[in-house]
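All remarks here apply to the structure that follows.
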Amino acid sequence: QVKLVESGGGLVQPGGSLRLSCSASGSDFSSFVMGWYRQAPGKQRELVARISSGGTANYPDSVKGRFTISRDNAKNTVYLQMNDLKPEDAAVYYCNQEATWLRGAYYSGSWGQGTQVTVSS
């Protein structure tokens, strides 16, 4: 089971920036699709960024142009740069490794424990 550990959350003022990091244990990190999700109180968990093994990124309209996902396969780490943060971005942010088949074996995917992002003046 892959272990994902997020860091970088905290309190930021509206308009500010934060950079989240997610460090993954195990091997074959570069082969997995990685994502960042968030969940605010009383709301469903939602995708905020996704990056393929080849580095192609996808974002929902709500964060497009403000958030950037990237990965450093040499460090087994995926990042989420968040700029121009808004109060509605406040949530617990979770790192995700998507389930996949790899060399004939099924990997069920993993979630990190989450890191809190608070946007408030």
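The values are calculated or read from the model by the stated rules, or taken from the named source; none is laboratory data. Every value quoted in this text rests on a predicted model; they were computed, and no experiment measured them. Don't worry about glycine lacking a Cβ; one is built from the backbone with ideal geometry, like all the others, and counts go over all protein chains shown. SASA here: full protein model, heavy atoms, side chains in, ligands and nucleic acids out. Shrake-Rupley method; radii C 1.70, N 1.55, O 1.52, S 1.80 Å.
For the range 3-32, a residue qualifies if it is part of a loop (DSSP other than H, G, I, E, B) and either open to solvent by less than 30 Å² (accessible area, probe 1.4 Å) or farther than 29 Å from residue 108 by Cα (or both), and the qualifying residues are 13, 14, 15, 16, 17, 32.
For the range 51-86, taking the residues that are in contact with a Leu (Cβ under 9 Å, 6 or more places away or on another chain), in a loop (DSSP other than H, G, I, E, B) and within 19 Å of residue 13 (Cβ to Cβ), the one that is most open to solvent (accessible area, probe 1.4 Å) is identified as 83.
Within the range 114-121, identify whether any single residue is over 22 Å from residue 5 (Cβ atoms) and touching a helix residue (DSSP H, G or I) at 6+ places or on another chain (Cβ under 7 Å), and answer yes or no. Yes, the range 114-121 contains a residue that is over 22 Å from residue 5 (Cβ atoms) and touching a helix residue (DSSP H, G or I) at 6+ places or on another chain (Cβ under 7 Å).
Taking the criterion of being within 16 Å of residue 62 (Cβ to Cβ) and surrounded by fewer than 11 Cβ atoms within 10 Å (Cβ to Cβ), the only residue of the range 88-121 that qualifies is 88.
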